[in-house]
Amino acid sequence: METKTVELSYGHSTLKAEVPVANLRGILQPQPVAGTAGVAPDEGAILRATLEAPIDTPRLRDLARSGQRVAIVTSDLTRPCPSHKLLPPVLDELAAAGIPDEAIEVVLALGLHRPMTAGEMETAVGPEVYRRVRVLNNDPKDTIHLGKTRAGTPVEIFRPVVEADLRVCLGNLELHYFAGYSGGAKAILPGCASRAAVTNNHAMMVRPEAATGRVEGNPVRADLEEGVALLGADFILNVVVDAQHHIVDAVAGDVITAHRRGCELVARRAIVPIDGPADLVLVSAGGFPKDLNLYQAQKALDNAAYAVRDGGILILVAECAEGLGNQTFESWMTGMSSPDEILDRIQQEFVLGGHKAAAVASVLKRATVYMVSALPADLVRRCGLVPFANLDTALTSALERLGPEPSVLALPQGGSILPVVEPA
């Protein structure tokens with residue numbers, strides 16, 4: 001029997017599976033940026049060109065003024081944002097405007113994730129930047145209230161970000177399962193917001209318009225951008241990265257218009273048409289840091305669900321070295337008697353952490369999920385998933401269960417791709 005090797009990222013390594021060619025309908029990958037297929041990107045050139053020609057704002061060195069205090073907001077360790085590559089050219093732009101290093105703070109947009117350690121901070125921003133400027137974690141308890149959005153979200157933002165004279169937001173652009181896309185104003189809300197702000201904003205994820213790849217008409221995105229407008233984000237630098245975390249494209253400038261241009265770049269790479277759902281989908285969260293825990297790896301599962309038929313099987317490959325990643329998420333996942341119980345509960349009472357469990361429950365309503373991870377098998381079972389020690393065993397079991405000639409799709413970068421069934 002002829003087979004094809006499918007390679008899936010797992011933590012800092014990869015797992016391989018031999019899939020029968022007769023069954024394999026495709027390996028879905030993000031489309032390469034035009035003219036870059038097989039070519040190592042010149043990341044420095046991409047960043048320089050982007051910063052020299054921002055969208056709908058002056059160049060950062062012309063926007064900044066001597067004497068200003070600057071907050072640069074960037075991602076925490078759960079995001080594949082290459083902050084250590086983005087920060088040096090941004091600091092160069094600020095230096096050209098007469099802003100000294102001591103007037104700059106780099107704020108790590110944790111949202112409600114755990115604080116980063118000093119060692120993690122240094123790795124994230126790079127040793128040189130870590131020595132040059134102050135780097136600090138967002139503290140959701142130390143916020144300033146700026147008002148409310150029309151949806152009632154209290155706009156409470158981390159004090160150092162509010163007190164800065166100039167705010168620069170960095171981030172990576174990719175699909176997001178209820179904000180449409182990452183990046184843009186999302187660095188500040190929820191990235192640097194209070195628990196109440198995050199909870200109120202994320203509660204809108206249950207609306208059908210809050211969907212992967214949707215920006216216009218998305219209530220979550222509209223609310224967070226309205227909230228950030230009460231404060232103001234002066235400049236963004238958002239990048240698109242490939243599976244190796246190389247920068248392949250970038251946008252800079254206005255927090256709305258530059259972000260929308262970036263979303264278009266992601267859509268061209270990430271939205272992949274398929275001619276119909278498959279019986280079996282193999283999906284990797286994309287390796288570290290996207291599979292640091294199940295709380296993060298869930299995003300890939302959500303995208304893969306678009307490619308599997310009702311009653312089919314999803315095999316999720318995610319190391320989850322830090323476990324489930326959130327205590328509330330874990331209690332909801334392990335305490336459920338059925339997916340319906342979680343979905344009913346989230347409608348009655350929106351709880352952060354529970355919202356992720358509800359997203360998993362929505363997938364479990366449609367398909368069986370096998371999981372290849374470092375999590376204890378009993379914990380995986382209590383989450384309603386089927387544990388496997390290795391990918392080969394999971395694949396063999398799925399093929400046997402699905403009967404003769406099941407169709408198979410593979411998503412090696414599940415968090416970065418959105419399969420869309422083409423209309424007949």
### Message
Could you give the length gained by full extension between residue 216 and residue 245, i.e. 0.36 nm per residue of separation minus their alpha carbon distance, to one decimal place?
### Response
7.7 nm
### Query
By how many nm would the segment from residue 310 to residue 40 grow when fully extended, if each residue of separation counts as 0.36 nm and the alpha-carbon distance is taken off?
93.2 nm
### Task
Order these peptides, 414-421, 145-152, by their mean beta-carbon neighbour count within 10 angstrom, highest first.
414-421, 145-152
### Length gained when the stretch residue 392-residue 377 is fully extended (0.36 nm per residue, less Cα-Cα span)
3.8 nm
### Task
Name the residue farthest towards the positive end of the dipole of the chain from the options 53, 109, 239, assuming +1 on Cβ of Lys and Arg, -1 on Cβ of Asp and Glu, about the Cα centre.
109
### Query
Just how far, in whole angstrom, is the range 287-346 from the range 239-256 if you go by their alpha carbon centroids?
27
### Task
Let me know the charge dipole size of the chain about its Cα centre in debye, to the nearest 20, where only the beta-carbon of Lys, Arg (+1) and Asp, Glu (-1) is charged.
440
### Task
Neighbouring Cβ atoms within 10 Å as the yardstick, rank 144, 313 fewest first.
144, 313
### Task
Evaluate E = 1/(1 + (r/R0)^6) for residue 275 and residue 334, where r is the Cβ-Cβ distance and R0 equals 35 Å; express this FRET efficiency to the nearest 0.05.
0.40
### Summary
Reviewing (1) 5, 22, 32, 25, 12, 3, 0, 0; (2) 4, 16, 21, 22, 16, 10, 7, 3, 1, 0; (3) 4, 21, 28, 23, 15, 7, 2, 0, the figure for P(r) over Cα pairs in 10 Å bins from 0, in percent actually calculated from this model sits under (1)
### Task
Name the lysines eligible as straight-distance cross-link partners of residue 148: C-alpha to C-alpha under 19 Å, and not fewer than 8 places from it in the same chain.
186
### Residue-count net charge about residue 116 - beta-carbon cut-off 13 Å; Lys, Arg +1, Asp, Glu -1
-3
### Task
Apply the Debye scattering formula to the range 43-269, with a single equal point scatterer on each alpha-carbon and no solvent, then give log10 I(q)/I(0) at q = 0.10, 0.11 Å⁻¹.
-0.39, -0.48
### Summary
Within the set 15, 409, 51, GNM on the chain using Cα springs under 10 Å gives the largest fluctuation to 15
### Task
First select every other residue whose beta carbon is under 11 angstrom from the beta carbon of residue 92; then total the charges, Lys and Arg +1, Asp and Glu -1.
+1
### Query
Taking only Cα atoms, what is the 0 to 90° angle, nearest 10, from helix 294-304's long axis to the longest principal axis of the chain?
70
### Query
Ranked from highest to lowest mean number of other Cβ atoms within 10 Å per residue, what is the order of the peptides 175-186, 224-235?
175-186, 224-235
### Query
PRE reach from residue 56 (point 7 Å along Cα→Cβ): which of the range 224-241 fall under 11 Å by backbone N?
none
### Task
Measure off 7 Å from each Cα along the Cα-to-Cβ vector at residue 131 and residue 420, then give the distance between these two points in nanometres to one decimal.
4.8
### Task
Please list, or write none, the lysines whose alpha carbon is within less than 20 Å of the alpha carbon of residue 365, excluding same-chain residues fewer than 8 places away.
299, 356
### Message
Quick check for you: which residues of the range 391-409 have the amide N under 18 Å from the point 7 Å beyond the Cα of residue 21 toward its beta carbon?
### Response
405-409
### Summary
If R0 = 41 Å, then residue 69 and residue 366, at their Cβ-Cβ distance, give a FRET efficiency to the nearest 0.05 of 0.25
### Query
Using 1/(1 + (r/R0)^6) with R0 = 45 angstrom and r between the beta carbons of residue 123 and residue 348, what's the FRET efficiency to the nearest 0.05?
0.60
#### Entry: Partners for residue 85 among aspartates and glutamates (Cα-Cα distance below 15 Å; same-chain residues under 8 apart left out)
42, 43, 76, 93, 122, 128, 242, 249
#### Entry: Computed magnitude of the charge dipole of the range 43-269 (debye, nearest 20; Cβ of K, R +1, Cβ of D, E -1)
400
### Query
Quick one: putting +1 on the C-beta of Lys and Arg, -1 on the C-beta of Asp and Glu, what dipole do you get for the range 110-206 around its Cα centre, in Debye to the nearest 20?
220
### Task
Among 301, 370, 342, flag the residue with its Cα farthest along the positive direction of the charge dipole of the range 276-424, charges on Cβ as +1 for Lys/Arg and -1 for Asp/Glu.
342
### Summary
Of the residues 198, 73, 263, the Cα lying farthest along the dipole of the range 43-269 towards its positive end, which is defined by charges on the beta carbon of Lys, Arg, Asp and Glu, belongs to 198
### Task
Give the relative contact order (percent, whole number) for the range 43-269; include only Cα pairs under 8 Å separated by 6+ residues.
24
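Since every read-out is calculated from the coordinates, none of them should be taken as a lab result. Everything numeric in this text was worked out from a predicted model, so none of it was measured. Because the Cβ atoms are built from the backbone with ideal geometry, glycine has one as well, and the counts that use them run over all protein chains shown.
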